[in-house]
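The values are calculated or read from the model by the stated rules, or taken from the named source; none is laboratory data. Computed from a predicted model, the values in this text were never measured in an experiment. Using ideal geometry, Cβ is built from the backbone for each residue, glycine included, and neighbour counts are taken over all protein chains shown. The accessibility values were calculated without ligands, DNA or RNA, using every heavy atom of the protein model including side chains. Shrake-Rupley method; radii C 1.70, N 1.55, O 1.52, S 1.80 Å.
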Amino acid sequence: MRSNTVKKGFERVPHRALMRALGLTDEDFGKPFIGIANSYNTFIVGHIHLNELTGAVSQAVREAGGVPFEFGSIGICDGIAMGHPGMKFSLPSRELIADSIEAMALAHCVDGLVLIPNCDKSVPGVIMAAARLNLPAVVVSGGPMLVGRIGSRIIDTNTAFEAVGQYNSGAIDEAELAAIEAKACPGPGCCAGMFTANSMNCLSEALGLALPGNGTIPAVDPGRLGLAREAGGRIVELVREEVKPRDIITPAALENAIAVDMALGCSTNSALHLPAIAHAAGLSLDLNLFNRISAATPQLCHMSPSGPHHIEDLDKAGGIRAVMKELAGKGLIHGESLTISGRTIGDLVKEARNENPEVIRPIEAPYRPTGGLAALFGNLCPEGAIVKRSAVAEDMLDHRGPARVFDSEEEAYQAIMGHRIMDGDVVVIRYEGPRGGPGMREMLQPTSTMAGMGLDRTCALITDGRFSGATRGASIGHVSPEAAGGGPIALVEEGDMIQIDISNYRLTLEVPEEELARRRARWSPRPPRVSEGYLGRYARLVSSGSRGAVLD
């Protein structure tokens, strides 16, 4: 056991003395040490209940013959950080989360880890740590929030964001706005739709690093506590069996995760996080793989924000295993992939049943014949860009319009709120990439406001930043290379025509190459927006969005 480094031999008398002060006994020094990374804080509604789950994990670890050590991990609420400079810290927090878990685990020589995240960057952050450390690990998340209700109307967090645009355009009055605010978030859990947090919780199950049910059991369901207890017992077994994350995070497992991603219609942010997870595991993940898998994988679920269903509906319909069973029926899943349950994906899906063929469509009758995400390429994004195809209206899949160019999210939002964006416009928001932002802000505020004003069916948005999983419409993010690095998006001028062809994976700036060359010769890098502190270091080290915005 790795923990023998700090607990065996006469040289470790002072180490054991310190641990005896924690309450450890002679018997404990013969047991595996299990680190439990708890993302609890009282900023995030998705995290406010995690102490209860952590307690259940700790108790189960003790009962299974391990010694639990709890420690904290930060988390940022993307909803609260949205629409102001605080969002610059959201994606960078993923690296802090992974780094802090690495530091705690290696400094204290733990034998295994239980990772308890729940929201947008905490889930990929803990998985990156597990892949990097390659110590036995189990992910058990806090689970999804239930939907809100106003009478018979079902609402969620995205309803609240879109209500701002509806109110601004006169579509709803102040009383309805207040009712949405009061009812959109009814209790603990990550926001109820197929937004980033739920996307990554579902994909952790498809990857095999989480137990069945992790992606969909609601936060307030007693089954979530049962899952925590099961995770606590299982980690001790994994340590004894020496099963490690890189035994599980294989190329086949990543392809399984992408296939489930396409079937569910997950957040565009999964195209940032899965490459980053692969990188942490010593693998590479090319954006073209998303398109190859998307072309073969039908969209089986129609989840909020683009559809009527929510995570609680998916759970009742059979959850991720039922989705994977449908995919497996057409040979779209690698059934031999190992999971932390000790069983293969193929074994697990055999037990699944599709309890609601409207929530999880049979593979012969999908919502769409292709997957929910698409990677676009062209002279505006030579290294790629990402769009949530499943959230785009059919008549916007092929769109041509004039560029409305803004060098920050704030400038674009002011134009939207000021009714200066017209039908047909292509809003370009640049210098918001990983380096230029810095932090690659998630821009739900402009997209949801446009949707609330009805512009999501007539206008497009393109950015080197990123969009929320709650975004709908022709919102194309992760444009790479970014403007701060001299990418073509930096050369776009007001009124340039842009052709969007999502069906053929193309994004084209209709400007002759000779003119682009002249503009490129005139372009010069901008001074960094932030040069000090964590964001300054992040901006100097971060890679392209096409590579998952990992730190080099």
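Taking 22 Å as the cut-off for C-alpha to C-alpha distance, list the pairs among Lys7/Lys31; Lys31/Lys244; Lys121/Lys388; Lys8/Lys31; Lys121/Lys350 that go past it.
Pairs exceeding 22 Å: Lys121/Lys350.
List the relative contact order of the chain as a percent without decimals, with contacts defined as Cα pairs under 8 Å and 6+ residues apart.
Relative contact order here is 14 percent.
Share of the range 1-152's accessible area from carbon and sulfur, percent, 1.4 Å?
60 percent
Tell me, what is the per residue accessible area of the range 167-228 in Å², probe radius 1.4 Å?
On a per-residue basis, 32 Å².
Taking amide H atoms as placed 1.01 Å from N in the peptide plane, list the residues 5 or more away in sequence, or in a different chain, whose amide H sits under 5 Å from that of Ile155.
Residues meeting the amide H criterion: Gly148, Arg149, Ile150.
Rounded to whole Hz and in sequence order, give me ³J(HN,Hα) for the range 376-392 from the Karplus expression 6.51 cos²θ - 1.76 cosθ + 1.60, θ = phi - 60°, writing x for Gly and Pro.
Working through the residues one at a time gives 9, 9, x, 6, 8, 8, x, 9, x, 8, 10, 9, 8, 4, 5, 9, 9 Hz.
Which value, in debye to the nearest 20, gives the size of the charge dipole of the chain about its Cα centre, when Lys and Arg are +1 and Asp and Glu are -1 at the Cβ?
Computed about the Cα centre, the dipole is about 1200 debye.
Calculate one ³J(HN,Hα) per residue across the range 275-284 by plugging θ = phi - 60° into the Karplus curve 6.51 cos²θ - 1.76 cosθ + 1.60, and present them in order as whole Hz with x for glycine and proline.
Here the 3J(HN,Hα) series is x, 5, 5, 4, 4, 5, 8, x, 10, 10 Hz.
Hey, with R₀ at 56 Å, roughly what FRET efficiency would Asn288 and Thr5 work out to, going by the Cβ-Cβ distance, to 0.05?
0.85
Which whole-Hz couplings ³J(HN,Hα) result when phi for each residue of the range 530-541 is put into the Karplus expression 6.51 cos²θ - 1.76 cosθ + 1.60, θ = phi - 60°, listed in order with x for Gly and Pro?
Taking θ as phi minus 60°, the curve returns 10, 10, 10, x, 4, 5, x, 5, 4, 4, 6, 10 Hz for the range 530-541.
Could you order peptides 338-350, 224-236, 443-455 by the average number of other Cβ atoms within 10 Å of their residues, highest first?
443-455, 224-236, 338-350
Let me know the longest stretch in the chain that avoids all chymotrypsin sites (Phe, Trp or Tyr not before Pro) found in a DSSP loop with at most 14 other C-beta atoms within 10 Å.
44-522
When only Cα pairs under 8 Å and 6 or more residues apart are kept, what is the percent relative contact order across the range 125-234?
Here the relative contact order equals 35 percent.
Carbon and sulfur atoms: what percent of the 1.4 Å accessible area of the range 236-306 do they account for?
It is 44 percent, rounded to a whole number.
Relative contact order for the range 399-515: what is it in percent, counting Cα pairs under 8 Å that are at least 6 residues apart?
27 percent
In Å², and per residue, what accessible area does the range 433-552 have when probed at 1.4 Å with the other protein chains present?
So the range 433-552 comes to 36 Å² accessible per residue, rounded to a whole number.
Would you grab the residues whose amide H sits under 5 Å from the one on Glu383? Only those 5+ places off in sequence or on another chain, please, with H modelled 1.01 Å from N.
Ser480
Protein chains only, probe 1.4 Å: how do Val239, Val479 rank by accessible area, largest first?
Val239, Val479
Which one of Phe161, Val550, Leu133 has its Cα pushed farthest toward the positive end of the charge dipole of the chain, where Lys and Arg give +1 and Asp and Glu give -1 at the Cβ?
Checking the options against the dipole of the chain, the answer is Leu133.
Placing +1 at every Lys and Arg Cβ and -1 at every Asp and Glu Cβ, with all other atoms neutral, what dipole size does the range 456-537 have around its Cα centre, in debye to the nearest 20?
So the dipole magnitude of the range 456-537 works out to roughly 340 debye.
Just name one of Ala460, Ile498, Val479: the one whose Cα is farthest towards the positive end of the charge dipole of the range 424-540 (beta-carbon charges, Lys/Arg +1, Asp/Glu -1).
Val479
Write down the accessible area per residue of the range 258-415 in Å², having rolled a 1.4 Å probe over the full set of protein chains.
Computed with neighbouring chains in place, this is 34 Å² per residue.
Run lengths n ≥ 4 of DSSP H only: what is the helix-derived mean residue ellipticity at 222 nm for the chain, with -39500 (n - 2.57) per run over all residues, to the nearest 500?
-11500 deg cm²/dmol
Efficiency by 1/(1 + (r/R0)^6): what FRET value for Glu364 and Glu241, r their Cβ-Cβ distance, R0 = 35 Å, to the nearest 0.05?
0.35
Tally up the carbon and sulfur contribution to the accessible surface of the range 387-513 as a whole percent, 1.4 Å probe, everything protein left in place.
The C+S portion of the solvent-accessible surface of the range 387-513 is 46 percent.
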